Structure formats: structure tokens, C-alpha cells
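Please treat every number below as a calculation from the coordinates, not as lab data. Nothing here was measured: the structure is a model prediction, and the numbers come from that model. As a convention, Cβ positions derive from the backbone with ideal geometry for all residues, glycine included, and neighbour counts pool all protein chains shown.
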Amino acid sequence: MIQALQLKKQLEPYMKEPEQKYFSQEISEAFEKFLEGNEKTFQKVNKRFAHCGSLDFHEQSDAVKEACCLDENSYVKSAKRACSDEYLHPMICGSILSELKKLGYSEKIQCFCPLSNEVCDVIPSKLCEIDESVLYMSMKKRLEEDLTIPFDLKARYLDEIKIKLMMIWPQMQEFNETSGEVLYSEFIGKRVSKRSEWFEKQLKVLEK
């Protein structure tokens, strides 16, 4: 359901009004048909998604995937609750924010930001794509120019940088090109700090 709604959002600028109405009707009818024999499953998935912070990383990931069957209102309501949970893995939070961004959700939601250990307000539709951000482009340039990193390892390091930036997506706008120099050293293991140790701890969870 969520993917269908996201596709509709993407295509709307290119569709005429009758086409938009037809697409909306088709999605609505498909959802009603799904609910006919799956209402209990729907409620279970919705509840599990809303409280997925209480699960381990892989169960959180499964709960987010299952939540794709939800309608937009249910998804947004449960996503808000999940993202404000301090026990939600930051990569999972980033994944949920990505889905909300694709839905074009433009209202504030509260996200727990582990680096500052506080809840912050985020507008998903206004989040800059990771690989289009000034911070990412700055760190990518540093990596390309870094002669201490073997060329054949740079692609892996770049992927790791993107993953780590996803973990701090809600707070990424707080960092600028200058602070990116410090982050770069922490991200690729040249500088050890509480922040770099936190990132490594989160990465180990992904590897299990």
C-alpha cells in the first residue's frame, strides 16, 4: 500500500485530474479488499510497527517491511511513535524517515537523536537526500583526495560514510563543511572519540 501511494505521489505532477482520481480509487479499492480478510493481521502489523523500538534490530527491520501494507494514516501515526523511541535503531529510524519523505509528508514529527540524546523536530519532506547533501559531498571529496586510503577500499568507505550519515539524518543539517572534517576522521577510523565509538557499535549491530 505504501509503495503504491509513493508511486502516486511521484506521478501526480504528470497526471491529469481524472487520472489522479482513477489511481486513488484503484488504491482505495485494493486496500478495502485487502482488509476484508486481513483486518486482524493489519492491526497486529500496525501495533508491532508502532512499538518496534522494543524489538531487536532484525525484528525492527521486519516490522518496518511489514508496515508497507498499512494505509497512509495508519503508517504515519505509527511511524511518529516509532521514531520518537530512543530504543529504535538509528538506521531503522532513517529508513522510516525515507518512506515518509517519499510520501511527501510535510508536517513535523519528533525523532530521537542519539548523538544529542534528545528528541528533535523533523519535517521528512524537507530532509536533504544523503548523497545530495553538502556534508556528504564534502566527505566524498576528502575520501577521493585521501592518499592514505587504498584506492580499492574507497568504495567500501564511501558506502560506510552513507550508512553513518543515515544514522544521523535528522541531525545532519547541524553539521557543516568545517565540522565534516572532524566527522570524516571519525567515520574512517583516523580519530577515536565517543561519537566514533558509538558509530562502530551501531555498525556491529548491522553485521549480526
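A few remarks follow.
- The length gained on full extension between CYS128 and ARG156, counted as 0.36 nm times the residue separation minus their Cα-Cα distance, comes to 7.8 nm.
- Overall form of region 130-207 per C-alpha gyration tensor (a/c, 1.5; a/b vs b/c): rounded
- Extension gain, GLN43 to VAL119, is 24.6 nm, computed as 0.36 nm per intervening residue step minus the present C-alpha separation.
- Sites GLU86 and LYS16 - FRET efficiency at Förster radius 41 Å, r taken between beta-carbons, to 0.05: 0.35
- Stretching SER54 away from SER24 to a fully extended chain increases their span by 7.4 nm, per 0.36 nm per residue minus the current alpha-carbon distance.
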